[in-house]
Each structure stands twice: as structure tokens, then as C-alpha cells.
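Structure first, commentary second.
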Amino acid sequence: MTFGCRFANASLRFSLLLLLLSISAKIAGAQPRGTLLEINPKFVVSPAAKFTSINGAAGAVGGGYVGLRDGRFLIGAFAYVGGSGLKTEPFNFATDTSGSGAASNLESTMTMWYVGAVVGYTQPLGEKFNGSLNLGIGRGGLTHNSTRVYGDGTPSETVTTNFGDNFFVIEPEIEVAFKFNRFLQAGTTLSYRFVNGTKQTAVTYFTNATMSSLSAGLSLRINFY
């Protein structure tokens, strides 16, 4: 009797397993192939350029992300590097160690990088367009290159500082893209870079607020199946 019960239970489990496999096969066969909703993960490469403000001066960064896309969802890693144009501001006499007190300006440029993890969600907007929401979280560094220029145009020493090399960055992004085919799309992006953790002192000439900024950009997305 015991052997018969065990055999019956084993048969029932085997039948249920076959039923589940059959249902799974039918569901998989009903899925559309080669579309955004494809279940199979895709490796994605997305180069991008962003035009932004860095410490109050016009600047740009380039880079992008790589990751895996499963259906509408993305997980990956991003990296950007860039810099600003020339910015001129009054010299801070509180940092003048020469004792001259001469009127002068500080001409400076900024270089900046940041890297981290990115997650995203994509929604089809008709047959030819996609809309995406992405969120990048990571860390970065910056370099402040400056030259003190006196009223007669005579430049003084060049001072390079490297403050805030561990600043924290969060960058939400909206992207609207045109699909050329299932392998390639091109789009425009709008994002905001929130920066926190820069070592703000009297000699830095920048703050978290001046390093945070709205960005507009261009992007490509290449899908590998």
C-alpha cells in the first residue's frame, strides 16, 4: 500500500510538471519576437553628450552607459567626463597671501568626472519612438584650474586645486528617442545633476549649488541581442 501511494504521488507530480511545462511553452510561443517587450536580456551601449553649466560657466560632458535591458527595464553603469569654459570673477582677497592687495580677477576653468550605477524604464511611444526614465547614482571628482590676473593684464601664478574628489551625484534623466530599427535608436535627453559633498572653503570658488545643473544632450542606443 505504501509503495502504491508513493507511486501515485510521483505520477501526480510528474503530470503536474508536464502540465506546467506545456503552459510555459505556450506562453513563450505567444510572446512577440524582436520587439521592445522581448523577454531575452539585451546588452546595451549608449554613448551620449550633455551640454550643461559647470560652476556657472558653459560646459559639456561626454560618456554614456552600458548595461543589460530586460524588456522595459535597464540596469547598468555610467561614466561621464568633461569641463567648463573660462570663467572670470573677482579675486578673493581673503586668500591673498602676497599682501599686495592689488585689484585682480581670477580666470578659471573646471574639469569634472563622475561614474556610478544606472537604472531605467522605457515606455513605447507609438511604433517609432520610445520614452525613457533613467536614474544615475554615483561619485565624482573635479579640478579647479585658475590664474590670478592683475588690472594691467599681467598674469600671476597658476593655481590648481583638487577639492571634492569624493562628491556624491544623483542624476535623473528623461529621454525621447527615435527607433531606426530594433538595433539602433537616437534621442535627446534632459537631466539634472545634483551634487553634494564638495569641500567648500574660502579658496575653492565653487559650491554644491554651482556644480549642480540642468543638462540637455544627445544620445544613441545600440542593442545587442
query: How much length is gained if the chain between F73 and S156 is pulled fully straight, taking 0.36 nm per residue apart and subtracting their Cα-Cα distance, in nm to one decimal?
result: 24.6 nm
message: Please arrange E107, E175 by how many other C-beta atoms lie within 10 Å of their C-beta, fewest to most.
response: E107, E175
- request: Measure off 7 Å from each Cα along the Cα-to-Cβ vector at L133 and F194, then give the distance between these two points in nanometres to one decimal.
  value: 1.4 nm
task: Treating cross-link reach as a plain straight distance, find the lysines whose alpha-carbon is under 23 Å from the alpha-carbon of K42, omitting any fewer than eight places away in the same chain.
output: K26, K128, K179
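Quick note: the coordinates plus some simple rules give every number you see, no bench work behind them. Every value quoted in this text rests on a predicted model; they were computed, and no experiment measured them. Quick reminder, even Gly has a Cβ in these numbers, built from the backbone with ideal geometry, and neighbours come from all protein chains shown.
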